[in-house]
Each structure stands twice: as C-alpha cells, then as structure tokens.
Amino acid sequence: MAQPPVGGVAIGGRLRAARQARGLTLQQVADATGLNKGFISRLERDDVSPSVASLMSICAVVGIRVGELFEPPATSLVRAGKGRPINFGGSKVNELLLTPGTQSHLQVIHSTVEPGGSGGDELYTLDSDVEFVYVIRGRLRITLSDESVLLDAGDAFTFPGREPHTWANATDGDEECEVIWVLAPAP
C-alpha cells in the first residue's frame, strides 16, 4: 500500500528531474547510495517515504539540497501590459521586461517599436548565447554583419546574441511593430 508523500509534499518528481538532469540512471543512484533500485523508483513515484539519511544520501548523489524538495517552485506572474519598463537602447521603442530581474537563465522582453524605431545604425552585440525574436504584428528587419532578414507577423528568427546586429521597424506607413525577444542566458 502506498504511503503518503514525505510531510504531505510530493518530492518524487523533483528527485527524478534532478537525477535525469545529471544523466544518472536509477541503478547508478542505487549503487552510489547503497539503496535498492526498486526503492528509489518507488520514491520517485511518491509510493514510499524515505528516512532522513536515505533522502540526504540521494540528494547528495543527484546534486540538490534536501530543502529544495520542499520549497515551492519559483514563479512569477506578469499581467498584460504590466511588465517592468526597461530600455535596452534604441529609439522609439517601449520595452517591458516580462521575466523577473532575478532570472539569469532567460530574459523575455515585449517591445512595441514605433514607426522609424530601431536599435540604431551601429551593429551591437549582447552577452547572450541565443537571441530569439517573434513578430506579433507589423514587420521587423534584423540586420546582421552579412545578412538582413525581413520578418512579418508570425515569423520568428533565432541567432547568436554575440553576433553583431541591429533591428528596425520595417512596417509601411505609421504602424507600430510589436515583438517578443527571448535572450538566453539573460545578458
């Protein structure tokens, strides 16, 4: 018969995720901890409750603190139009940071680029491995060192953030261009 999760908190999924993130098999964790592979499998399904010593041993092998199993997930809610205003540079652009400033793995920015708005004439780089842009409405031109790409609403473009580049609203007339930028890691 299945026992309730430790302290009423389901920790199995977090243990499994940590094990898999390190590329470990159940057998490798069992060998490293001296515990039974079946026990570890049942623990990952929240079918058993471990002793404190067993839990500490498993956590050491999978590379997490025991306390992480019981912490609520870090979440952040940003309501529509309520992101934190930022300015990455450029002209005639309104930018809202949609991810928390403490987030270092990923940065998401919602930009509304006015007619004539751009990142400037000079190419620049960001300290980011990957830069992704998705055009919600309007048209955006991305200029790299050796190419220029015109993006329409619904188009997405991915490139290295360290590649010299700039961008500009390429919408005809007096229309704004609305885009989502994703940078990883956050610069």
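Quick notes on this structure:
- Residues satisfying the stated conditions in the range 158-182, i.e. closer than 18 Å to Leu126 by Cβ and surrounded by 17 or more Cβ atoms within 10 Å (Cβ to Cβ): Gly161, His165, Thr166, Trp167, Ala168, Val179, Trp181, Val182
- The residue of the range 127-154 that is nearest to the chain's Cα centre (by Cα), among those that are among the charged types (D, E, K, R) and under 17 Å from His110 (Cα atoms), is Glu131.
- Taking the range 106-186 and the strands (runs of 3 or more DSSP E) fully enclosed by it, the elements with 2 or more residues that are under 23 Å from Pro85 (Cα atoms) are at 107-118, 130-137, 139-144, 165-169, 177-184.
- If you go through the range 29-39 and keep only what is closer than 17 Å to Ala60 by Cβ and more than 29 Å from the chain's Cα centre (by Cα), you end up with Ala30, Asp31, Ala32, Thr33, Gly34, Leu35, Phe39.
- Number of the exception - Gly23 against (1) touching a helix residue (DSSP H, G or I) at 6+ places or on another chain (Cβ under 9 Å); (2) at pLDDT 90 or above: (1)
Listed here are the residues, each with its yes/no results for (1) at pLDDT below 85; (2) loosely packed, with under 12 Cβ neighbours inside 10 Å; (3) acidic (Asp, Glu); (4) touching a Phe, Trp or Tyr at 6+ places or on another chain (Cβ under 9 Å).
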residue	(1), (2), (3), (4)
Ala32	no, no, no, no
Ser41	no, no, no, no
Val61	no, no, no, no
Pro73	yes, yes, no, no
Pro100	yes, no, no, no
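- Of the criteria (1) closer than 30 Å to Ala18 by Cβ; (2) at pLDDT 90 or above; (3) of a type in the set (A, V, I, L, M), which one Leu123 fails: (1)
The values are calculated or read from the model by the stated rules, or taken from the named source; none is laboratory data. Just so it is clear, the structure is predicted and the values come from calculations on it, not from any experiment. Every residue, glycine among them, receives a Cβ derived from its backbone with ideal geometry; neighbour counts consider all protein chains shown.
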